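Working notes for the structure below.
The numbers here are math on the coordinates, done by the rules we state, and not lab data. Fair warning: this is a prediction, and the values are worked out from it, not measured in the lab. No Cβ is skipped: glycine too gets one built from the backbone with ideal geometry, and neighbour counts run over all protein chains shown.
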């Protein structure tokens, strides 16, 4: 493998025998061929090693950890040895669309101001059946705002400029290492999503245990609080619940059982007003973009409570042609979902 390859694909593997062949072959069969595929076997005890070694493609670089290091240490190990100008993340149970890499590299070359980009994804179950779709914000201003609320990128869909990622390795934030990284990179570069379903993202019973899910939620809330703190806001537990409410209505492309009351809608309007007031002082986001974003969340909340008339009269909006234009973009995104 030469030193001047375009990109490196990093795939950590731990006991992934069931889906591993599909994942590897979806990378090897890409329309863009100039890459190295770094596969790190993190102490697997199943047939993962034999499956990986059955491939003779010269682009595969196989590394075996002596002991199970865990995802974060394994990812950082892989990143440090990448030779490519770009680094792509891939999980051992997902499937890439054949044009994924080609489209992401083309986008990154056209947008030198973007240091990280993801894609949209179809959610699939353990049998490969599509069960939903994940559509995130695409433009950097809206992704930056999204970080106040939730994770705006699908981790295994991401593509980085290697120069940026090598200087910003993953931190030990269990089950939320990606969210932590996005928040840090957002201070240094622009982040975007390509509006293309380039990944089949597998979600099944073994993805995350109940214990890890609790840890993930705790770490996510800590990161959200840190983002809010940068805007001068210190919400109490009730206001944190309200803050995250509109993002709890959907999960992996499907509606959840979360229900909200008229009282919650009123509190949401009050909290959105505080967000806008704080932003006037701290100026972290463009005010028109934040207004349009919050109006989009207001629409979701109004629809859920059955108070559709209030969609057009949010208590926090200072309307302008720019806000209406940006709101239209939010509505089009909501319609796609």
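Taking Cα centroids, how far is the range 161-229 from the range 44-121 in Å?
Going from one Cα centre to the other spans 16 Å.
Quick one: helix 262-282 against the long Cα principal axis of the chain, what's the angle to the nearest 10°, folded into 0 to 90?
It is inclined by approximately 80 degrees.
Enter the per residue convex hull volume of the range 231-336, computed from alpha-carbon coordinates, in Å³ rounded to the nearest integer. Can you show the working numbers first?
On the way: hull volume 11.3 nm³, N = 106.
So the per-residue Cα hull volume is 107 Å³.
Which stretch or stretches of the range 218-252 have amide N atoms under 12 Å from the point lying 7 Å from residue 258's Cα along the Cα→Cβ direction?
Counting backbone N atoms under 12 Å from the label point, the list is 240-252.
Assuming 0.36 nm per residue, please report the length gained on full extension of the stretch residue 282 to residue 5 beyond their Cα-Cα distance. Each step should come with its number before you reach the end.
Numbers: separation 277, 0.36 × 277 = 99.72 nm, distance 4.26 nm.
Taking residue 282 through residue 5 to full extension adds about 95.5 nm, to one decimal.
Starting from the Cα of residue 274, step 7 Å toward the Cβ, then list every residue of the range 297-312 with an amide N under 20 Å from that point.
297-299, 301-302
Starting from the Cα coordinates of the range 135-278, work out the convex hull volume and express it per residue in Å³. If you can, show how the numbers build up before the last one.
Working: hull volume 19.6 nm³, N = 144.
Expressed per residue, the convex hull around the Cα atoms of the range 135-278 is 136 Å³.
Would you mind classifying the range 41-127 by shape? Square roots of the alpha carbon gyration tensor eigenvalues, ordered a ≥ b ≥ c; an a/c under 1.5 is rounded, otherwise it is prolate if a/b is larger than b/c and oblate if not.
Working: a/c = 1.86, a/b = 1.47, b/c = 1.26.
It is prolate, given that a/c is not under 1.5 and a/b is the larger ratio.
In the range 92-206, what is the volume of the convex hull around the alpha carbon atoms, normalised per residue and reported in Å³? The partial results should precede the final answer.
Working: hull volume 13.1 nm³, N = 115.
That works out to 114 Å³ per residue.
Between the helical axis of 287-305 and the dominant principal axis of the chain, each derived from Cα atoms, what acute angle in degrees is found, rounded to the nearest 10?
80
Normalising by the residue count of the range 7-202, find the relative contact order in percent from Cα pairs under 8 Å and 6+ residues apart.
The normalised contact order for the range 7-202 reaches 27 percent.
Tell me the angle of helix 71-81 to the major Cα principal axis of the chain, expressed in degrees between 0 and 90 and rounded to the nearest ten.
With rounding to tens, the tilt is 60 degrees.
Rank these for me by crowding, 179, 122, going from fewest to most other beta carbons within 10 Å.
With the fewest neighbours first, 179, 122 line up as 122, 179.
May I ask what percent, to the nearest 5, of DSSP beta bridges between residues of the chain are antiparallel?
Numbers: 13 of 39 bridges.
Close to 35 percent.
Which shape class, rounded, prolate or oblate, goes with the range 154-197 when its Cα gyration tensor gives a ≥ b ≥ c as root eigenvalues, a/c under 1.5 marks rounded, and past that a/b bigger than b/c marks prolate?
Details: a/c = 1.78, a/b = 1.24, b/c = 1.44.
Taking the square roots of the gyration eigenvalues as a ≥ b ≥ c, the range 154-197 is oblate.
Could you work out, for the chain, what percent of all Cα-Cα pairs fall into each 20 Å distance bin, beginning at 0 Å and stopping at the bin that holds the largest distance?
30, 56, 14, 0
Any chance you could run the full-extension gain for residue 66 through residue 34? It's 0.36 nm times the residue separation minus the Cα-Cα distance, nm to one decimal.
Values: separation 32, 0.36 × 32 = 11.52 nm, distance 2.94 nm.
Length gained, residue 66 through residue 34: 8.6 nm.
Sorting 319, 61, 159, 302 on the 10 Å Cβ count, fewest up front, what's the list?
Working: 319 11, 61 18, 159 26, 302 21.
Placing the least packed residue first, the sequence is 319, 61, 302, 159.
For the range 7-202, just run the numbers: alpha carbon Rg, then divide by 2.2 N^0.38 Å, N being how many residues it has.
Numbers: Rg = 15.7 Å, N = 196, 2.2 N^0.38 = 16.3 Å.
In units of the globular-protein estimate, the range 7-202 measures up at 0.96.
Determine, for each peptide in 304-312, 77-85, the mean count of other beta carbons within 10 angstrom over its residues, then list the peptides with the highest first.
Working: 304-312: 13.0, 77-85: 17.6.
Result, highest mean first: 77-85, 304-312.
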